[in-house]
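See structure below.
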Amino acid sequence: MTPTPPMSETELQHGASSDESGESGTTDARALNAMLAQMPAVERVIASEDAQPLIVEYGRTQVLAAIRATLDGWRREAQAGTLKPDANASADAAPFSIARVIDAASTTLQARAQSALRAVFNLTGTVLHTNLGRALLPDEAVRAVVQALTQPANLEFDLATGKRGDRDDLIDELICELTGAEAATVVNNNAAAVLLSLSALAARKDVIVSRGELVEIGGAFRIPDIMSRAGARLREVGTTNRTHLKDYEAAISERTALLMKVHCSNYAISGFTKTVELDELAPLARQHGLPVAVDLGSGTLADLTQWGLPAEPTVRETVEAGADLVTFSGDKLLGGPQAGLIVGRKELIAKIKKHPLKRALRVGKLTLAALEPVLRLYRAPELLRERLTTLRLLTRPAQEMHDAATRALPALQRALGDGYTANIEPMFSQIGSGALPVDLLPSSGLAIRHAGKGGSGRALLKLERALRALPRPVIGRIADDALRLDLRCVEGADEAAFIAQFAELRL
Ligand SMILES: *Cc1c(COP(=O)(O)O)cnc(C)c1O
């Protein structure tokens, strides 16, 4: 039998405060005091044998705080009359045992130790999902990042001369080789690439852009806003649906710094439309001695049609069509880490690299470490489809997803019980990140519907929440009265983990 511990100071205070009304001695107050008296003192809990493994793992400071928080919580509940002694404790065991405090403290510590950034299953059907981290990197990139994290590297050190180097030198030749550009540099993301380019080349001057290309990309990237932040004046020409070469021509003046084209990544206009293509615009710019900049957005380095994917202009084609400067993302179709790549004419890139904002927007060594091996994969186009994770996911045949759905269905239906019915259904995936928004890739997955009558909306939301509460949250999508799990982005060993996890679904 554990002897009842003496009350600590705080416990006595809590006991006293409950008697403020002067009704000391009433049954309630006496019961409360008895309950509080049964709780162990913090010092005894932290000194207990049970606490030692926690101290080894989390350190004394955190363990002490968790024990205090547990006991404080119990006292508050006791005073509010909502605290129940441990239902599992046998009659002769202390209802507020040290083991029970340790248990609760351990749960708190575990929850606090979980990373805020967690792995999830992306079953949305959108491969390059901006909210889920966009491109997944191939093993080569992962190994390079681990090495850069754990070993010193020649980030800004010229191994040939032993002098200070430039971090861009590590990668710019490779980018030029793959794009046909004269020079290149890399910054934090494509938004930074556009901001920096405009700041360096067009501050206090005019930039001519078609009204049909003044786009907003998700997450508050708007061409007119970036333009004003860069200190450039936006000179809009044409109309939303039609812009002609003569519109650009009429807007050119001595204040013009740049003609700009922006890829309409996330929307398409159809019907009575006219846009001026780069191969028409570039000669006009050259006539006036002005550069043309193209914000390509997703910017792919390979012709996607060779894998049956929809056409998207490559960076090389854009350079060849006469762009003097091209900006594009590292983590969209390119399939690398978050980065913004700027390629173009030597003198323009030199100006950009000299601008003070370049230092503020530069990439870290982890980005460079991850980007280089991804770029190198493009030297072997025949192997790219297998090796570049993004491309492999985008080109998976629907039959593979159908087979995976067939393997997952029994475990899923068992976890769902009678309340829901799951079926294997054809679906359409999207590339995502604004790339080719109207093109859909045939896929397959699990569609889950509410089995009962009515209340389907609420039942699906409940299921969606339960899937998100799994140890590795499952993110699907509700459409047409069903919760849809597109299996395109669950590959290899992940599939078994995905299926095994259904046993933990709590509806
Ligand atoms: C995605 C996109 C951007 C922004 O790129 P981030 O790498 O997300 O900063 C800018 N312009 C266009 C046209 C885009 O599609």
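The values are calculated or read from the model by the stated rules, or taken from the named source; none is laboratory data. The structure displayed is predicted, hence computed values, not measured ones. Heads up, the Cβs are rebuilt from the backbone with ideal geometry, glycines too, and the neighbour counts pull from every protein chain shown.
Here's a check for you: in region 206-249, which residue that is more than 16 Å from the ligand (Cβ to nearest atom) and among the basic types (K, R) is farthest from S270 (Cα to Cα)? Result: R233. When L409 is tested against (1) touching a Phe, Trp or Tyr at 6+ places or on another chain (Cβ under 7 Å); (2) over 29 Å from L304 (Cβ atoms), just one condition goes unmet, and that condition is (1). When restricted to residues that are surrounded by 17 or more Cβ atoms within 10 Å (Cβ to Cβ), within 26 Å of L377 (Cα to Cα) and among the small types (G, A, S), region 103-158 contains 5.
Where helices (runs of 4 or more DSSP H) fall entirely within region 184-258, those with at least 1 residues that are free of Cβ contacts under 8 Å to residues at least 40 places away in the same chain are at 223-229, 245-251. Counting only strands (runs of 3 or more DSSP E) that sit completely within region 432-487, those holding 1 or more residues that are crowded, with 21+ Cβ neighbours inside 10 Å correspond to 441-450, 482-486. Given the structure, is L309 modelled with pLDDT under 95, more than 16 Å from the ligand (Cβ to nearest atom) and in contact with a strand residue (DSSP E or B) (Cβ under 9 Å, 6 or more places away or on another chain)? Criteria met by L309. When region 325-358 is filtered for residues that are closer than 21 Å to F221 by Cα, hydrophobic (A, V, I, L, M, F, W, C) and out of contact with any Pro (no Cβ under 7 Å at 6 or more places or on another chain), the ones remaining, listed by number, are V326, F328, L333, L334, A339, L341, I342, V343, I352, L357.
Of all residues in region 353-365 being within 16 Å of the ligand (Cβ to nearest atom) and of a type outside the set (K, R), which is surrounded by the most Cβ atoms within 10 Å (Cβ to Cβ)? Here the residue is V363. The single residue among G336, G308 that is within 23 Å of the chain's Cα centre (by Cα) and either farther than 18 Å from S265 by Cβ or touching a residue at least 12 places away in the same chain (Cβ under 8 Å) (or both) turns out to be G336. Counting only residues that are surrounded by fewer than 20 Cβ atoms within 10 Å (Cβ to Cβ), on the phi < 0 side of the Ramachandran plot and in contact (Cβ under 8 Å) with a residue 12 or more places away in the chain, region 263-277 holds 10 of them.
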